[in-house]
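None of the figures in this text is laboratory data; all of them are computed from the coordinates on show. Since the model is a prediction, treat every value here as computed from it, not as a measurement. Quick reminder, even Gly has a Cβ in these numbers, built from the backbone with ideal geometry, and neighbours come from all protein chains shown.
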Amino acid sequence: MKSVFSYDSVELSENGKELVIIDQSLLPQQEKFIHLTTAEQIFYAITLLKVRGAPAIGIAAVLGVAMCMNRFKTRKMDQFEKEFLRVKRYLSISRPTAVNLSWALDRMERCFYETKLQYEELPEQEAIEKIKKELTAEARSIKLEDVKMCLSIAENGCSILPNNAGILTYCNAGHLAVSRYGTALGPIYYAQQQGMMPKVYACETRPLLQGSRLTAFELMKAGVDVTLICDNMASIVMSQGKIDVVLFGCDRIAANGDVANKIGTSGLAILAKHYGIPCYTLGPTSSIDFNCKTGSDIVIEERPSYEVTDMYFGKTMAPQGIKVYNPAFDITPAEFISGIVTEKGIFKPSEIKKLKKLI
Ligand code: MRU
């Protein structure tokens, strides 16, 4: 499949010493790349949503760990190990809801200790160099695996789309949110390239407008027929028969099939059921957290009030000092999900246990 963009949203420089991201908080006005060289810069890029989207933050964190360790100068293994664990733990708390972050960082920790064990006979400085090399290779392969997973999700997801499908999507689960192509937007790009002419309704996604700033931007760039709607317009477009299917991403899927995704997703899924419209979540199987029995075990991030009162408005849109509740995600109960589209196929929420054996 042809990529929509000539760049990836997260890249490690060739020498492994800089993390380069497109600053998503500036889109669509500016396509500006920033070069990050410290763990603190990566932490703030993630918390301030300069890089965002569950898979993209996992990828930024692992490429970031590799970058930080490549820059760390020491001849002592214990210092090197201490710094690795500091950076890993620090980045793992940058955002709580998406499982991709801890999943990817845990892979880096396994890589660190396996390599350390493999080269324990070597002088410490040589073993450190081997670990740096392996961490860099592991981080790059996590990104590459994500590209392949997105391609499979795109193909699998396209199989449920009719020609000229009317699709409602939420937040941004596209190229910007992953390594390449996207999860929920992947099948749309795939269908577009097959000449199937999908027609997308993108909800703007209050309060941070990932739908209007990012999804509308991506889809327009790819020449997809996209119409922007305010979040409270979803019901009318569904009632008018404009929507054949609802597609959205996921930040974490519990073992019972409950799905955490951008705040507002559950409302759309409930509406879709009312109108008899199938509703799919799309994501890699690594988004399933078998340690969370149900959605109520998933930690929902709460974000600052200024995002609701001030951000992306020309002037403040609420009275000074107003109390604000700003949860960033919600849980869609499994009963409202028609299927989970993964790189391994499409599953009913009740089939998650079967998936465990496949992973
Ligand atoms: O707060 P965000 O913008 O990181 O939220 C993103 C979402 O909710 C996405 O739908 C999810 O991370 C999947 S991205 C492929």
Inset, instruction - Using +1 at the Cβ of each Lys and Arg and -1 at the Cβ of each Asp and Glu in the chain, identify which of T97, A269, I331 lies farthest towards the dipole's positive end. - result: A269
Legend entry - Relative packing of peptides 260-269, 197-206, 219-228 - highest average C-beta neighbours within 10 Å first: 260-269, 197-206, 219-228
Inset, instruction - Distance check, please: which entries in K148/K357; K88/K132; K143/K199; K17/K130; K133/K344; K2/K348 exceed 26 angstrom between their Cα atoms? - result: K143/K199; K133/K344; K2/K348
Legend entry - Rh (Kirkwood; distinct C-alpha pairs) - the chain, Å: 20.8 Å
Legend entry - Added length on full extension, which subtracts the Cα-Cα distance from 0.36 nm per residue, K32 to S350: 110.2 nm
Inset, instruction - Please give the net charge around M77, taking every other residue with its beta carbon less than 10 angstrom from that of M77, where Lys and Arg add +1 and Asp and Glu add -1. - result: 0
Inset, instruction - For D225, enumerate residues with amide H under 5 Å from its amide H, sequence gap 5+ or separate chain, H modeled in the peptide plane. - result: V200
Inset, instruction - Between K17 and F5, with labels modelled 7 Å along Cα→Cβ, what's the label distance in nm to one decimal, could you check? - result: 2.6 nm
Legend entry - Counting all C-alpha pairs of the stretch 95-204, share separated by more than 20 Å (%): 55 percent
Legend entry - MRE, 222 nm, helices only [DSSP H, n ≥ 4, -39500 (n - 2.57), over the chain, to nearest 500]: -12500 deg cm²/dmol
Inset, instruction - Specify the angular offset, from 0 to 90 degrees and rounded to the nearest 10, of the alpha carbon long axis of helix 77-92 from the longest principal axis of the alpha carbons in the chain. - result: 10 degrees
Inset, instruction - Report the residue, chosen from Q24, Q193, Q79, that carries the largest GNM mean-square fluctuation when the chain is represented by alpha-carbon nodes joined by springs under 10 Å. - result: Q79
Inset, instruction - Let me know the charge dipole size of the chain about its Cα centre in debye, to the nearest 20, where only the beta-carbon of Lys, Arg (+1) and Asp, Glu (-1) is charged. - result: 160 debye
Legend entry - Orientation-averaged projected area, Cα convex hull of the stretch 242-286 (nm²): 3.4 nm²
Legend entry - Using θ = phi - 60° and Karplus 6.51 cos²θ - 1.76 cosθ + 1.60, couplings along the stretch 103-108 (whole Hz; Gly, Pro as x): 4, 6, 5, 5, 5, 5
Inset, instruction - Could you go through the stretch 260-277 in sequence order and give the Karplus-derived ³J(HN,Hα) for each residue, using 6.51 cos²θ - 1.76 cosθ + 1.60 with θ = phi - 60°, rounded to whole Hz, and x for Gly and Pro? - result: 8, 8, 2, 3, x, 4, 5, x, 5, 5, 5, 4, 4, 4, 4, 8, x, 9
Legend entry - the stretch 324-338 - phi-based ³J(HN,Hα) in whole Hz, Karplus 6.51/-1.76/1.60, Gly and Pro as x: 10, 10, 9, x, 8, 9, 9, 10, 9, x, 3, 4, 9, 9, 6
Legend entry - Computed lengthening from Q118 to N326, 0.36 nm per intervening residue step minus Cα-Cα distance: 70.2 nm
